[in-house]
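First up is the structure itself, then whatever we jot down about it.
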Amino acid sequence: MSGGWAALAALVPAPSGGGGLDAALDSPLGALLRPLGDTPQEPRWHGEGDVLTHTRLVLEALEAAPEFWALDGERRAALWLAALLHDVGKAACTRLEGGAWTSPHHGQAGARLVRALLWREYGLAGEARGRGLRELVCTLIRHHAAPAHLFEAPHPERRLLRLAAQGELVPLFSLRLLKMLAEADARGRLAADRAEVLERLELGFLPAEELGILERPYAFASPRAELAYFEGRLAYPAQELYDDSWGEVLLLCGLPGTGKDTWLRANAPGLAVVSPDEVRAEYGLPPTGPQEEVMRLAAERARALLRQRIPFAWNATSVSQSLRARQLELFSRYGARVRIVCLETGWETGLARNAARAEAVPEAAIERMLERLEPPERWEAARVDWLCT
């Protein structure tokens, strides 16, 4: 990890002192934190004022909790960093609507910003430990607001189980850590409903204790049953589902230079491949600008294989959930069982591999992809593998 995690952990306060928000402002994280001082919040819910002031209060609340200091060093550092950075997405997402300040989807936006920074500037990519720590921070940021709204969801228990399933791909993650972050977030607000929100959090996590998922994901009967439950096709998590799929389709995802072609040659030799890059080259279509025609032609090739029930791999960057969703829906509609294989490598390694290709992707384009990157979540397919190359 080239000392990246050690540099981040040094920002985390210790019982003996040191670290803290002011130290973070002077670090590379300051680029994300400083704009928060000029980012307003709705006074009804945030009487404390701007987002940076709120962040300071959240950190104080977290550090005042005995259970925070009882965590092991890595989890304590990751939780503190998530609290530090949980609202960085508000700088870009905050707007005035109907006379009130709102910040829709700031958790998602913040997770993407933090992931790109930790990946590129701190070297937390391309090996399992660094990836796990990075994604623990980003997963907590991504979902930090969800616990306060559990009762607003149509199926709160399903929502809890889906959140707990994050631990299958990010083993350090747990609902207990998410609950601790959500409680600190609530205590860091000056608002009339603070006590009510804290009570909702306590009640909202009671089913997690009953299901035994505060510390670990639920043990479903099978991966297919798990996917069906998350999609609403099974009513109860303990149910099993008959596997009527005819075969497996691989969906690869990852930045350019992560070795998707190499992985396929080594792990699925002879498997048919549908590649938008190959379609683009075959038809002489440009790599920049609108790609609708490229994707349409690639999807037609996929449909031809699906109709014949021929297993294949979809080989594309597929860096966002919205991009993957189109293909996943298509493959599932034809009765295929889908396995997502997400590949990642270190930033400099990926750039070097890309530069050595006959048709290299511009570095600026790869940077934009990294900033949009949303790694697959467990509920997207029957099987999800996340590998470092």
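Pick from the stretch 329-356 the residues that are without any contact (Cβ under 8 Å) to a residue 60 or more places away in the chain and in a loop (DSSP other than H, G, I, E, B): which of them is surrounded by the most Cβ atoms within 10 Å (Cβ to Cβ)? Step by step, filter the stretch 329-356, then rank; the result is Y334.
Filtering L71, L117, L124, L113 for residues that are surrounded by 22 or more Cβ atoms within 10 Å (Cβ to Cβ) and out of contact with any strand residue (DSSP E or B) (no Cβ under 8 Å at 6 or more places or on another chain) leaves a single hit, L124.
Look at E240 and say whether it is loosely packed, with under 13 Cβ neighbours inside 10 Å, out of contact with any Asp or Glu (no Cβ under 8 Å at 6 or more places or on another chain), assigned to a loop (DSSP other than H, G, I, E, B) and not basic (K, R). Here the answer is yes, as E240 does meet what is asked.
Residue-wise test of (1) in the same structural domain as T139 (by TED's automatic domain parsing); (2) at pLDDT below 95; (3) surrounded by 14 or more Cβ atoms within 10 Å (Cβ to Cβ).
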position: G17; (1), (2), (3): yes, yes, no
position: D26; (1), (2), (3): yes, no, no
position: L84; (1), (2), (3): yes, no, yes
position: D87; (1), (2), (3): yes, no, yes
position: K90; (1), (2), (3): yes, no, yes
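When G259 is tested against (1) surrounded by fewer than 17 Cβ atoms within 10 Å (Cβ to Cβ); (2) under 24 Å from the mean Cα position of the chain (by Cα); (3) in contact (Cβ under 8 Å) with a residue 60 or more places away in the chain, only condition (1) is not met. Residues in the stretch 131-169 that are closer than 15 Å to E74 by Cα and either surrounded by fewer than 24 Cβ atoms within 10 Å (Cβ to Cβ) or free of Cβ contacts under 8 Å to residues at least 24 places away in the same chain (or both): 3 in all.
Scanning the stretch 54-113 for residues that are charged (D, E, K, R) and closer than 15 Å to R134 by Cα yields a total of 4. Taking the stretch 107-130 as the range and being hydrophobic (A, V, I, L, M, F, W, C) and in contact (Cβ under 8 Å) with a residue 24 or more places away in the chain as the test, the residues that pass are A111, L113, V114, A116, L117, L118, W119, L124, A125, A128.
Scanning the stretch 18-42 for residues that are part of a loop (DSSP other than H, G, I, E, B) and either of a type in the set (V, I, T) or touching a residue at least 40 places away in the same chain (Cβ under 8 Å) (or both) yields P28, L29, T39, P40, Q41, E42.
The values are calculated or read from the model by the stated rules, or taken from the named source; none is laboratory data. Since the structure is predicted, the reported quantities are computational estimates derived from the model, not experimental observations. Because the Cβ atoms are built from the backbone with ideal geometry, glycine has one as well, and the counts that use them run over all protein chains shown.
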